[in-house]
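All remarks here apply to the structure that follows.
Any read-out appearing in this document is the output of simple, stated calculations on the displayed coordinates, not a laboratory observation. This structure is a prediction, so every number in the text was calculated from the model and none was measured. Positions of Cβ are generated from backbone atoms using ideal geometry, with glycine treated the same way; all protein chains shown enter the neighbour counts.
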Amino acid sequence: MIYILDKINGELVKSEIVPIDKDTIPLKKDGWNFNWRSLSKDEDGQTYILRTLNSPNQIEGALCLRLEYDMLIMDVLELAPHNIGQKNKRYDYVAGCLIAFGCRESFKIKDDYKGFLTFVSKTNLIKWYAEKYGAELALGQRMFIDWENGEKLIEKYLNRTKID
């Protein structure tokens with residue numbers, strides 16, 4: 001069981017990360033930035049959503065992971081429009097849970113990149129990914145989270161039992 005923080009009442013809410021299906025696709029018309037319908041059809045990737053157990057039809061965040069050259073790539077990560085920003089976001093820990101989930105999936109790789117999650121960051125988010133999630137800059141805007149920081153994120157976000 002994973003938990004995200006309800007910013008309204010300050011309580012942890014039981015949540016889950018599950019594969020996307022045709023009934024749970026985030027749509028641009030609802031304020032999402034990415035075309036999750038086409039991402040969910042990518043044969044090289046797997047798309048997941050994070051939702052609370054008490055509102056399973058409400059998507060809090062989405063993640064597309066892709067395996068390429070034996071590396072797990074966080075292709076797209078997006079928070080629900082109501083979870084963006086510090087002042088008015090409904091739930092906190094959504095991005096952390098999705099990134100930690102990607103890290104956990106990276107440990108399933110059998111080759112040299114086992115435990116490494118890679119992704120391309122927007123320039124303005126590079127420092128944020130480094131400080132908040134322990135990501136390191138590799139080349140250009142490509143970043144990675146190594147197995148040690150991945151384990152820390154898994155413990156912090158997927159094994160959480162209290163608010164920190």
Residues in the range 1-44 that a label on Asn57 would reach, taking backbone N under 13 Å of a point 7 Å out along Cα→Cβ: 23-25
Gyration tensor (alpha-carbon) shape descriptor, the range 81-164, a/c threshold 1.5: oblate
Pairs from Lys41/Lys127; Lys110/Lys152; Lys41/Lys87 whose Cα-Cα separation, in the structure shown, is over 30 Å: Lys41/Lys127; Lys41/Lys87
Separation of alpha-carbon centers, the range 33-82 and the range 84-133, rounded to whole Å: 12 Å
Cut-off 16 Å (backbone N to label point 7 Å along Cα→Cβ of Leu12), residues of the range 142-162: 153-162
From phi via Karplus (6.51, -1.76, 1.60), per-residue ³J(HN,Hα) for the range 71-82 in Hz, x at Gly/Pro: 10, 8, 10, 7, 6, 9, 10, 9, 8, 4, x, 7
Residue-span extension gain [Met1 to Asp23] - 0.36 nm each, minus C-alpha spacing: 5.7 nm
Which labelled figure in (i) 170; (ii) 119; (iii) 108 is volume of the Cα convex hull per residue in Å³, once derived from the coordinates: (ii)
Estimated inter-spin distance, Ala138 and Glu68, nm [label 7 Å along Cα→Cβ]: 1.0 nm
Derived scalar couplings ³J(HN,Hα) [the range 25-36; Karplus, 6.51 cos²θ - 1.76 cosθ + 1.60; whole Hz; x for Gly, Pro]: 9, x, 10, 4, 5, 9, x, 6, 8, 9, 8, 5
Helical mean residue ellipticity (222 nm; -39500 (n - 2.57) per DSSP H run of 4+; nearest 500) of the chain: -5000 deg cm²/dmol
Relative contact order (%) - criterion: Cα under 8 Å, at least six apart; region: the range 29-82: 31 percent
Amide H contacts of Ala135 (H built 1.01 Å from N, under 5 Å, at least 5 apart or other chain): Ala130
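Using the Cβ atoms and a cut-off under 13 Å, what net charge is assigned to the surroundings of Asn35, where Lys and Arg are +1 and Asp and Glu are -1?
For residues surrounding Asn35, the net value is 0.
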Relative contact order (percent, whole number), the range 1-151, Cα cutoff 8 Å, 6+ residue spacing: 17 percent
